[in-house]
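Notes follow once the structure below has been shown.
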Amino acid sequence: MNKLNKTEKIKTTCRSCHGGCGVILTLENNKVVKIQPDQDSPLNQGRICPKGLAALEILYHPDRLRYPMKRLGKRG
Ligand code: SF4
């Protein structure tokens, strides 16, 4: 099977806080590989904070919770 590398850019908003700054995501084979500030966003005007840049690490961190934690046994 021939595996094609597909790259695309998507304009969206960061939701790492309540701000909603404009960002452009670069996806390779449906995986986000880069986050850049959107130069056209009237809110952040081409800037991005460290938390917004770290969103990629949060998204793919191996220790990220992927399901709700359920307590086994009694509290405490
Ligand atoms: S880039 Fe920073 S300030 Fe903007 S929404 Fe994301 S976390 Fe909030």
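Listing for the model above:
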{"read-out": "Residue check for Gly76: on the phi > 0 side of the Ramachandran plot and loosely packed, with under 10 Cβ neighbours inside 10 Å", "value": "yes"}
{"read-out": "Region 39-76 - residue that is of a type in the set (Ser, Thr, Tyr) and away from the ligand (no atom under 12 Å from the Cβ) and, of those, farthest from the chain's Cα centre (by Cα)", "value": "Tyr67"}
{"read-out": "Test: residue in region 26-38 that is more than 11 Å from the ligand (Cβ to nearest atom), open to solvent by 80 Å² or more (accessible area, probe 1.4 Å) and part of a loop (DSSP other than H, G, I, E, B)", "value": "yes"}
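The values are calculated or read from the model by the stated rules, or taken from the named source; none is laboratory data. What you see is a predicted model; the values in this text were computed from it and never measured. Using ideal geometry, Cβ is built from the backbone for each residue, glycine included, and neighbour counts are taken over all protein chains shown. What goes into the accessible areas is simple: the full protein's heavy atoms, side chains included, and nothing from ligands, DNA or RNA. Shrake-Rupley method; radii C 1.70, N 1.55, O 1.52, S 1.80 Å.
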